[in-house]
Amino acid sequence: MLEHIGHVLYHVLIVIFPILIYYLLTIQDNRSSPKPHLNKLLGMIIIMLLLTITFPVAYANGFAYDFRIIPIFVAFLYTGFFQGIVVILIMLGYLLLLGDTKVIFSIVNYAIIIAIFYFLLKKYHSLLLNKKLIVLSIIYSFIVITRAIVIVKSNQIDQLLVMILFSIVTWITLLLVILIIENLKQQILLQRELRRSEKMNVVSQLAASVAHEVRNPLTTVNGFLQLIIRDDNITDKQ
């Protein structure tokens with residue numbers, strides 16, 4: 001594991017860097033519609049997914065590890081259920097293109113993940129941040145347990161420690177990505193509220209200015225009318 005630490009950190013960069021780029025692009029975008037932001041995030045997720053699959057951390061006996069689970073989690077949680085399915089289909093197609101022989105096994109695994117997210121998404125966004133992290137940690141722990149069972153059944157016990165260590169790094173990176181995205185969502189909401197309050201402030205000042213400009217001449221006209229009414233030299237006809 002130690003000789004591959006640089007490669008593992010490279011994968012962390014692959015995952016974090018697109019999110020930071022998305023963060024910067026979104027913060028500088030003044031459009032209030034969330035759709036362009038989601039399209040940017042989905043594009044970053046696909047880039048992240050393809051890079052981490054293209055350059056896996058390879059070990060002995062044909063074992064290779066990557067962070068593909070992170071873009072899949074992010075796609076389902078922050079772009080939408082159908083977008084998450086699209087990301088999985090892109091991943092499976094890319095694996096076929098690379099000549100992966102375990103695509104059928106991957107289809108079964110990701111079908112289970114799709115089912116989990118189908119029920120999870122209904123409640124996920126209403127949870128507090130700490131509960132979101134706990135739920136995602138539990139889901140990821142099931143994935144790690146499944147991998148461990150496969151390694152044990154294939155008599156590759158020597159790979160178990162490596163898999164656990166890499167899974168811990170993946171889990172920490174996943175939580176870091178979730179924290180960044182949640183912070184970004186809060187920043188976007190604060191910016192929208194700030195723009196809305198600025199617009200309301202401008203409208204209120206404009207309304208007060210118009211009312212002031214209208215009230216002054218009306219007060220003057222009213223005063224002259226009262227003087228005219230009180231003047232005895234003015235006849236009814238006049």
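The values are calculated or read from the model by the stated rules, or taken from the named source; none is laboratory data. Here the structure is a predicted model, which means the values were calculated and not measured. In this analysis, Cβ positions are derived from the backbone assuming ideal geometry, glycine residues included, and neighbour counts consider all displayed protein chains. All accessible areas refer to the heavy atoms of the entire protein, side chains included, with ligands and DNA or RNA removed. Shrake-Rupley method; radii C 1.70, N 1.55, O 1.52, S 1.80 Å.
Among the residues of the stretch 135-192, what is the count of those that are of a type in the set (Lys, Arg) and under 18 Å from the mean Cα position of the chain (by Cα)? Qualifying residue count for the region: 2. Just for the stretch 87-121: of the residues that are under 21 Å from Asn39 (Cα atoms) and without any contact (Cβ under 8 Å) to a residue 12 or more places away in the chain, which one is most open to solvent (accessible area, probe 1.4 Å)? Checking each candidate, the answer is Leu89. The numbered conditions (1) at pLDDT 85 or above; (2) among the hydrophobic types (A, V, I, L, M, F, W, C); (3) open to solvent by 60 Å² or more (accessible area, probe 1.4 Å) are all true for Leu38 except (1). For first residues located in the stretch 168-179 and over 17 Å from Ile45 (Cβ atoms), partners that are of a type in the set (Phe, Trp, Tyr) and assigned to a helix (DSSP H, G or I) and lie 6+ apart or on another chain with Cβ distances below 8 Å form the pairs Trp171/Tyr140.
Looking at Ile180, Ile164, Ile143, can you tell me which residue is over 19 Å from Tyr65 (Cβ atoms), among the hydrophobic types (A, V, I, L, M, F, W, C) and part of a helix (DSSP H, G or I)?
Selected residue: Ile180, the only one of Ile180, Ile164, Ile143 that is over 19 Å from Tyr65 (Cβ atoms), among the hydrophobic types (A, V, I, L, M, F, W, C) and part of a helix (DSSP H, G or I).
Checked against the criterion of being under 23 Å from Val162 (Cβ atoms), in contact (Cβ under 8 Å) with a residue 24 or more places away in the chain and surrounded by 16 or more Cβ atoms within 10 Å (Cβ to Cβ), the candidates Thr79, Thr52 yield just one match: Thr52. The residue list Ile164, Ile157, Ile139 contains one member that is open to solvent by 80 Å² or more (accessible area, probe 1.4 Å) and either touching a residue at least 40 places away in the same chain (Cβ under 8 Å) or not charged (D, E, K, R) (or both), which is Ile157.
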